[in-house]
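Below is one structure; the comments refer to it alone.
The values are calculated or read from the model by the stated rules, or taken from the named source; none is laboratory data. If you're wondering where the values come from, they're calculated on a predicted model, not measured in any experiment. Cβ placement follows ideal geometry from the backbone for every residue including glycine, while neighbour counts extend to all protein chains displayed. Only protein heavy atoms, including side chains, enter the accessible area calculation; ligands, DNA and RNA are left aside. Shrake-Rupley method; radii C 1.70, N 1.55, O 1.52, S 1.80 Å.
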Amino acid sequence: MLTQTTPTRFAGLDGLRAIAVTLVVVYHLFPGSPLLGGFVGVDVFFVISGFLITSLLLRPSRLGRLGSPRRLVDFWRRRARRLLPALAVVVTVCATVAWLLGGDLLVGMGRQVLGAATFSYNWLAVADGTDYFAATAPELFRNFWSLAVEEQFYVVWPLLLPLVLLIPGRWTRVALMLVAAGLSAWWMARLVAGGEVTRAYFGTDAHAFGILIGIALAFAVANMPDRAWMRSRATQVASLLAGVVGIAAIVVAACIPETPDAATFPGTLLLATFGSVLAVFAGVWPGSWFGRGMDVAPLKWVGDRSYGIYLWHWPVLVLVLVGTQGFGPEAGVPVWAGVLALAISVGAAAVSYRFVEMPFRRYGFRHALRALGRRIAGGPVSRFAGITALSVAAVAIGGTAAAVVNAPHTTTAVAAINRGAEALDDTKTPSPTPSPEPTADAITIPEGSEITAVGDSVMLASAPSLLKEFPGIAVDAEVSRSIWAGPEILDGLKANGQLRENIVVGLGTNGPVDWETLEEMSQIAGADRNLILVNAHAPRDWIPGVNADLESFADSHRHVWVADWSGAITSHEDLLAGDGIHPGEAGGDVFAASVESALENIEKDRIRAEKDFARAPTGRAPHVPFPE
């Protein structure tokens with residue numbers, strides 16, 4: 001017997017959604033887990049969306065032919081019912097909490113709310129220069145970029161599909177979609193090769209291959225025949241194995257650490273995409289064992305609420321971290337914070353699903369609002385519930401407006417860095433002020449004209465204080481520098497005759513230090529110069545190791561000292577910017593004071609060495625347990 005299958009519901013998709021949202025949530029909330037590439041869960045969602053939406057559009061409808069205005073309006077209305085109510089709740093509630101917390105959390109709030117409301121979050125983020133993979137200030141609705149890609153697909157694809165269907169032949173359409181997917185993946189690789197990783201990842205054009213491959217699958221299985229052999233034991237076992245291989249491919253992709261090249265973008269993403277295709281195909285196979293297995297109650301429960309869980313998890317994590325420790329996820333996510341954010345997110349998603357999403361999906365906007373009106377006009381309990389709901393909505397909307405209006409233009413860290421850059425640009429080296437003649441035991445601090453400072457953004461933010469404390473100091477500091485930049489910079493200054501007697505290096509903030517690199521800088525400085533290594537202070541897990549390495553290196557080298565910036569600022573963290581790293585104006589004074597203290601120690605060591613030399617028999621220098 002031969003029949004045509006037009007199921008009202010596709011088996012296995014809820015379970016696959018549950019797996020996808022789990023990967024993304026674990027990736028964000030528990031960064032120490034093995035799922036170092038859990039962001040591929042987004043690509044699983046893309047395949048599901050491309051397949052499901054195309055399959056729904058291909059079904060016959062009493063509302064007219066595909067592409068008719070009536071059917072288009074009905075499709076878009078259903079998508080709006082499905083997506084907008086929960087999205088509005090998340091945005092208004094989280095933006096209001098962010099307004100109450102204030103600070104750097106509000107930066108860019110207007111752009112974020114606009115992007116969520118207009119389905120353009122990904123492109124507005126690209127235009128603003130957002131770096132998805134960088135550890136920068138927290139962005140409350142960063143995860144909404146993928147929703148924007150899907151929503152753009154929902155708007156455009158129903159208009160294009162009738163044109164694609166004019167192409168004769170099922171497999172011709174499948175081939176067309178696969179070619180388009182290949183071009184999208186190629187474009188992502190090209191962008192990544194040019195260093196535009198976030199542009200490649202956020203861009204609808206570069207990241208459309210998952211959706212396009214899902215569309216190709218929908219064309220391939222449209223009106224799939226249901227024959228007896230398709231339900232045979234051997235065929236069911238084969239489809240089950242295909243589904244298991246697909247899930248395995250997704251999990252393997254989620255365990256591969258990201259790299260800023262084509263191996264990940266699109267390499268790993270394509271692995272997850274093809275795994276998703278196998279899983280979807282195995283699930284929709286007639287009588288699929290795999291589909292029934294993926295529809296078990298726990299997976300189905302999570303899959304039904306996966307949209308809400310995805311919406312809530314990232315904003316909740318940011319709010320939990322900022323509210324408890326003052327920093328966002330860029331400073332690391334303690335396990336307790338991930339567990340708390342997970343519990344809140346799942347709970348909020350469950351409440352939203354029951355009281356927001358389902359009423360609007362079943363009854364639409366007008367009927368849902370009328371039901372609220374009936375509650376307000378009902379008995380005391382019903383009236384209280386209705387008025388409470390309206391009050392919460394009013395507060396959330398007002399809080400969102402306040403968050404947008406009161407959002408600062410830039411973070412406190414960026415403001416501190418910009419202030420330092422401006423100070424360096426405006427610097428005119430003054431004539432050094434003559435110092436009084438020192439007495440025999442006096443501690444003489446070198447003048448600015450005797451100091452070269454090389455550093456990262458922390459030193460750049462401290463530049464105004466360094467210039468004030470050491471007039472004439474030469475400061476060479478830039479954002480995102482690491483220790484490996486040091487030797488090249490020092491070597492260039494030395495070659496140009498610009499390397500002064502005292503060299504201050506502050507390059508420990510952006511990653512671990514390398515002993516060989518430190519040794520190379522010490523050799524460049526030579527025995528006739530003093531090398532001062534500024535230790536680091538930041539809420540990053542590599543900082544203790546950096547500071548231990550710097551201290552150990554200084555202890556084993558005669559002409560190397562440590563400026564204890566970390567120790568000096570630890571009891572004054574209120575003087576740092578909102579990221580807990582960059583000093584404000586007063587914090588810059590502490591940075592300069594730590595450098596001054598190191599210079600004092602150099603002078604004290606010099607005076608002590610001279611006294612020891614004078615007391616040594618026959619004027620011989622005492623043994624110095626340091627290599628030159």
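Of all residues in the stretch 547-574, those that are in contact with a Ser or Thr (Cβ under 7 Å, 6 or more places away or on another chain), open to solvent by 60 Å² or more (accessible area, probe 1.4 Å) and of a type in the set (Val, Ile, Thr) total 0. Applying the condition of being among the hydroxyl-bearing types (Ser, Thr, Tyr) and outside any loop (DSSP other than H, G, I, E, B) to the stretch 447-501 and asking which residue is nearest to Gly545 (Cα to Cα) yields Ser457. Checked against the criteria, Ala86 counts as touching an Asp or Glu at 6+ places or on another chain (Cβ under 9 Å) and hydrophobic (A, V, I, L, M, F, W, C). Give the number of residues within the stretch 501-523 that are surrounded by fewer than 21 Cβ atoms within 10 Å (Cβ to Cβ) and over 24 Å from the mean Cα position of the chain (by Cα). Going through the stretch 501-523 one residue at a time, the tally reaches 8.
Filtering the stretch 236-268 to residues that are surrounded by fewer than 17 Cβ atoms within 10 Å (Cβ to Cβ), within 22 Å of Leu183 (Cα to Cα) and β-branched (Val, Ile, Thr) leaves only Thr259. The residues of the stretch 49-79 that are under 41 Å from the mean Cα position of the chain (by Cα) and hydrophobic (A, V, I, L, M, F, W, C), listed by number, are Phe51, Leu52, Ile53, Leu56, Leu57, Leu58, Leu66, Leu72, Val73, Phe75, Trp76. The single condition among (1) in contact (Cβ under 8 Å) with a residue 24 or more places away in the chain; (2) within 34 Å of the chain's Cα centre (by Cα); (3) under 18 Å from Phe46 (Cα atoms) that Gly291 does not satisfy is (3).
Every condition in (1) modelled with pLDDT of 90 or more; (2) part of a helix (DSSP H, G or I); (3) of a type outside the set (Phe, Trp, Tyr) holds for Ala413 except the one numbered (1). Being small (Gly, Ala, Ser) and open to solvent by less than 30 Å² (accessible area, probe 1.4 Å) holds for only one residue in Gly323, Gly328, and it is Gly328. Do the conditions hold for Gly129, that is, is it open to solvent by 30 Å² or more (accessible area, probe 1.4 Å), on the phi > 0 side of the Ramachandran plot and not hydrophobic (A, V, I, L, M, F, W, C)? Judged against the criteria, Gly129 is a match.
For the stretch 393-417, how many residues meet the condition of being of a type in the set (Val, Ile, Thr) and surrounded by fewer than 21 Cβ atoms within 10 Å (Cβ to Cβ)? Here the count works out to 6. Annotation note: Cβ proximity below 9 Å between a residue of the stretch 233-259 that is of a type outside the set (Lys, Arg) and a residue that is open to solvent by 60 Å² or more (accessible area, probe 1.4 Å) and assigned to a loop (DSSP other than H, G, I, E, B) (sequence gap 6+ or interchain) occurs for Ala254/Pro34; Ala254/Leu36; Cys255/Pro34; Cys255/Leu36; Ile256/Leu36; Pro257/Leu36; Glu258/Leu36.
For the stretch 274-297, the criterion of a residue being among the hydroxyl-bearing types (Ser, Thr, Tyr) and modelled with pLDDT of 95 or more is satisfied by at least one position.
For (1) among the β-branched types (Val, Ile, Thr); (2) modelled with pLDDT of 95 or more, each residue gets a yes or a no:
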| position | (1), (2) |
| --- | --- |
| Ala88 | no, yes |
| Val91 | yes, yes |
| Ala95 | no, yes |
| Gly103 | no, no |
| Ala127 | no, no |
| Asp131 | no, no |
| Arg142 | no, no |
| Ala148 | no, yes |
| Tyr154 | no, yes |
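Within the stretch 331-349, restricting attention to residues that are of a type in the set (Gly, Ala, Ser) and surrounded by 16 or more Cβ atoms within 10 Å (Cβ to Cβ), the residue that is farthest from Trp301 (Cα to Cα) is Ala331.
Kindly indicate whether Val504 is among the β-branched types (Val, Ile, Thr), in contact (Cβ under 8 Å) with a residue 60 or more places away in the chain and closer than 19 Å to Trp561 by Cβ. It is true that Val504 is among the β-branched types (Val, Ile, Thr), in contact (Cβ under 8 Å) with a residue 60 or more places away in the chain and closer than 19 Å to Trp561 by Cβ.
Name the single residue that is surrounded by the most Cβ atoms within 10 Å (Cβ to Cβ) among those in the stretch 145-177 being under 34 Å from the mean Cα position of the chain (by Cα) and β-branched (Val, Ile, Thr). Out of the qualifying residues, it is Val149.
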